[in-house]
Amino acid sequence: MRLAVAGLAVAVSAGCTSSSSTTSSGATPSTTASASPSSVTNQKPELSAITVGVLPAVATATLYLAIKEGYFTQQGLTVTPKQLAVSTEAIPLLLHGTIGISTGNMDTYLAADANGVLPLKILNETALCSPGTLRILTLPSSGITSAAGLSGKTVATPTAVNIETLALGRLLGSEAKSLHYVVIPFANMSAALAAGRVNAIATLEPYTSAAEHADGAKPVLDICGGPNAGMPLGGYFTSASWAAKYPNTARAFQTAMNKAQALADSNPALIRQILPTFMKVTAQVAAKVQIPQFGTTLDSAAIQEIANLAFTGGEAKHQISVTNLLLTQP
């Protein structure tokens, strides 16, 4: 199930956005798209090797699956992953050409485009918000057993405003305003919860399963419930200038990733098998991980809703139309 559009129709209406929306710097990132799909289909990539920034999480395991299955090689590419700690770390690397493509939260990159920081091209979605893949956990000793018990409590999130906080706001409404967010990297959240530094953690797989296994943490809220079901949590991004300079390379990457994500959707066990090869996850924990559905298309309506949430949540300074940011299928 993909994200329902009707609930935020007013924010998506043509009166709010247009394909020529400008950023605060006066740039028009929506019009700096790469070459048209028909001109790059089945063409040899301009680059034979690229470095891709990647966040260590289940959502990005399909990149390693694509490497293992030889999907990039089939497209004439050699891909070298560069692990990152948070989405924002990749943006200067993309601007300086240190990496060509990066994974990250969908909202972070849409905000970077809207704020005039990184004129953007979106190549693929990563994971979709699926049951059990993005949750709030607490310890049994906290006494918190439901979403209502989170009122006024401290909750760990990886950055001050991100897809977790935006999704929580959408799910809980005004109740979300009572939460006190504490910025802690995903890898450190379980320890912070065990030490009593926070009352709860908003985390994703495989960190969720690891916290349950190591500390006995318990889920009290599935963030992917209700209106957030099917929401594209992240994507693979590049700068508009990079996509325009290397359109065949961008298309080759997109094709390989779509193939890998379709494979993961048909055989989730492959993701559990590959997790311990690029993360500090035991096979025992990997076996318990909830595998999300992966995006194999670019859903402009669903991505537009993320842009709208980033704007209304204050992460993006301007509201944008995402249509021309997408590297659409030929």
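The values are calculated or read from the model by the stated rules, or taken from the named source; none is laboratory data. Just so you know, these numbers come straight off a predicted model, no measurement behind them. Quick reminder, even Gly has a Cβ in these numbers, built from the backbone with ideal geometry, and neighbours come from all protein chains shown.
Do you know which of the residues in region 177-196 that are of a type in the set (A, V, I, L, M) and within 21 Å of the chain's Cα centre (by Cα) is surrounded by the fewest Cβ atoms within 10 Å (Cβ to Cβ)? Can you show your working first?
Residues of region 177-196 of a type in the set (A, V, I, L, M): 179, 182-184, 187, 189, 191-195.
Then keep just the ones that are within 21 Å of the chain's Cα centre (by Cα); that gives 182-184, 187, 189.
Numbers: V182: 17, V183: 11, I184: 22, A187: 15, M189: 27.
By that ranking, first place goes to V183.
The residues of region 130-167 that are among the aliphatic types (A, V, I, L, M) and in contact with a Pro (Cβ under 6 Å, 6 or more places away or on another chain) amount to a single one, L137.
On inspection, T238 does not qualify as of a type in the set (V, I, T), more than 14 Å from the chain's Cα centre (by Cα), closer than 21 Å to G104 by Cα and modelled with pLDDT of 95 or more.
Selection within region 49-88: residues that are out of contact with any Ser or Thr (no Cβ under 6 Å at 6 or more places or on another chain) and of a type in the set (G, A, S). The member of this set that is modelled with the lowest pLDDT is A85. Restricting attention to region 229-240, the residues that are in contact with a Lys or Arg (Cβ under 6 Å, 6 or more places away or on another chain) and either surrounded by fewer than 16 Cβ atoms within 10 Å (Cβ to Cβ) or within 13 Å of L134 (Cα to Cα) (or both) total 1. Of S142, S146, S151, S130, all but one fail to be within 18 Å of the chain's Cα centre (by Cα) and surrounded by fewer than 24 Cβ atoms within 10 Å (Cβ to Cβ); the exception is S130. One residue stands out in region 51-76 among those that are in contact with a Leu (Cβ under 8 Å, 6 or more places away or on another chain) and of a type in the set (A, V, I, L, M): the one that is farthest from Y207 (Cα to Cα), namely V52.
Per the listing T249, T297, T255, T277, the residue uniquely out of contact with any helix residue (DSSP H, G or I) (no Cβ under 6 Å at 6 or more places or on another chain), assigned to a loop (DSSP other than H, G, I, E, B) and not assigned by TED's automatic domain parsing to the domain that holds G173 is T297. The number of residues in region 151-172 being in contact with a helix residue (DSSP H, G or I) (Cβ under 9 Å, 6 or more places away or on another chain) and either within 14 Å of G225 (Cβ to Cβ) or not hydrophobic (A, V, I, L, M, F, W, C) (or both) comes to 14.
In the set (1) under 30 Å from T154 (Cα atoms); (2) surrounded by fewer than 22 Cβ atoms within 10 Å (Cβ to Cβ); (3) modelled with pLDDT of 95 or more, P268 fails one condition alone, (1).
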